[in-house]
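What follows is a single structure, written as structure tokens, with notes after it.
The values are calculated or read from the model by the stated rules, or taken from the named source; none is laboratory data. Keep in mind the model is a prediction, meaning the values are calculated, not measured. All Cβ positions, even for glycine, are placed from backbone atoms using ideal geometry, and neighbour counts span all protein chains on display. Keep in mind that these areas ignore ligands, DNA and RNA; they rest on the heavy atoms of the full protein, side chains included. Shrake-Rupley method; radii C 1.70, N 1.55, O 1.52, S 1.80 Å.
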Amino acid sequence: MAAEREPFFIALARGALTRIGAQLSPSQMYWVERAMSQLETGRWFRAHGFRFTPIYANRHELYAALARDIADEWALYLEFGVFQGASLRAWSQLLRNPRSELHGFDSFAGLPEGWNAYNPQGKFDTRGAVPQFDDPRVVLHVGWFHETLPNFTLPEHDRLIIHIDADLYSSAKYALDSLKDAIRPGTILLFDEFYDHMNELRAFSEFLASGDMTFRFLGGATSLSQCAFERIA
């Protein structure tokens, strides 16, 4: 049987899009790619049986909702991508148990590779400035993930929360793969740029495909930039 021919109007549209693409600046192309990522994120949710609910107005409302039922548990919070410490500081206030520990992993030297048109290699470099915290439960691990994570022994805990704010596929994948054995039922995975189907979403999708874990969607914020999942089986 002969291969089905591409409809003429689709071929025509592709040609028009190619000509449009030739005129776009890097910043304009960034927004086109982001729109495509949002579409792919929606497709991914449907394919995996997740519903788009609940959705919060911003990341801080999402954090508060996630912490509502676990604030007094003996928690271990691991954050990958600290930058200036805003989210790590927020979680140190939300997790009230004095035995809880919060560990932040970051090189503070910026992205190890380019992410997109607005975020080239080196973006988020703090130029040696490391955030300070009043909470003694907060510990920073300064260096690339592959340098600090292999030497890290997980402290005892009842609840594990992993916050992936690494932006890049390679960094998110490394953190998830390294912690795979620790991600047990009850573990919460929080992503900060989940909408990007070539990076954090891709890393999580591959992580799901590599094992037999089952997750439920706990909530999202700001057009699914931030998304949280809990392992249930």
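Couple of notes before you dig in:
- Calculated FRET efficiency for the pair Ala16/Arg184, C-beta based, R₀ 45 Å, to 0.05: 0.35
- Gly219 long-range amide H proximity, modeled H, under 5 Å: Ala228
- Carbon plus sulfur fraction of accessible area for region 154-216, probe 1.4 Å, in percent: 44
- Across region 81-120, the residues whose backbone nitrogen lies under 16 Å from the label position 7 Å along the beta-carbon direction of Asn151 are 104-108.
- Computed across region 149-213, the Kirkwood radius stands at 12.3 Å (inverse of mean 1/r, all Cα pairs).
- Cα gyration tensor, region 49-126 - rounded (a/c under 1.5), prolate or oblate: oblate
- Under 5 Å from the amide H of Gly104 lie the amide H atoms of Glu79, Val139, Leu140, His141, each residue being 5 or more positions distant or on a separate chain, with H modelled from the backbone and absent for Pro and chain starts.
- On the basis of the beta-carbon distance and an R0 of 25 Å, Leu39 and Gln84 show a calculated FRET efficiency of 0.20.
- Averaged over its residues, the chain has an accessible area of 54 Å² per residue, based on protein heavy atoms and a 1.4 Å probe.
- Semi-axes of the equivalent ellipsoid for region 63-185, Cα gyration tensor, largest first, Å: 24, 16, 13
- Sequentially through region 183-197, phi angles give Karplus couplings (6.51, -1.76, 1.60; θ = phi - 60°) of 7, 10, x, x, 5, 9, 10, 10, 10, 9, 10, 5, 4, 7, 6 Hz, Gly and Pro residues having no value and appearing as x.
- With each label modelled as a point 7 angstrom along the Cα→C-beta vector, the Phe52-Arg202 pair spans 2.4 nm.
- Which label in (i) 66, 42, 33; (ii) 62, 38, 29; (iii) 55, 37, 28 gives the computed Cα extents along the principal axes in Å: (i)
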